[in-house]
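Novice: Structure provided below as structure tokens; questions to follow.
Since every read-out is calculated from the coordinates, none of them should be taken as a lab result. Keep in mind that this is a model prediction, so the values were computed, not measured. We place every Cβ from the backbone using ideal geometry, glycine too, and count neighbours over all the protein chains shown.
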Amino acid sequence: MQFPTLKRSVTEFGCLLVALVVSLVLAGMAISSPAQTPSAKNAASAQAVYNEAGQALQQGDLVRARAGFEKFVKLSPKSPEGHNSLGWVLLVAGETDAAAEQFRTAIELRPGFQQAHTNLADALAAKKDLVGAGSANRSEVRPERRGSAPDAGSNS
């Protein structure tokens, strides 16, 4: 399977790759909680698939990464990290509609998943849906400031 030629520069791809790797590390590849795994029996298998897909991504092998994240999502459909990771690979491949759907699923599973909101905004911007991209970015979870009201001039 070949991916369509991307119009992104090597620098952009490198930045996106670094951003995904950082988000994978920050997410801690957290699939071990019972709500995110189909069963305890399959948890180790799902974790191994996710780890292999992450390694493929780090090596720049998008075909293997995509196949791995697709398999992981089938094994663990309630994992927001899995949907977000698959979405990112699809976005890099230029499949913005499919990527946006994966990011939306990740957000549905965990509404406060900041990286998925950012990735959805990127996918919508790539489709020239700037209104949707702005809306997705405004939907990101922002830390609350305790003991103070929002600034009167803020856009939040």
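Novice: How far apart, in nm, are two points set 7 Å out from the Cα along the Cα-to-Cβ line at Ala48 and at Arg104?
Specialist: With each label placed 7 Å out from Cα toward Cβ, I get 3.5 nm.
Novice: Calculated FRET efficiency, Lys74 and Lys128, Cβ-Cβ r, R0 41 Å, to nearest 0.05?
Specialist: Result of the calculation: an efficiency of 0.85.
Novice: Kindly put Asp122, Asp97 in sequence by how many other C-beta atoms sit within 10 Å of each C-beta, fewest to most.
Specialist: Asp97, Asp122
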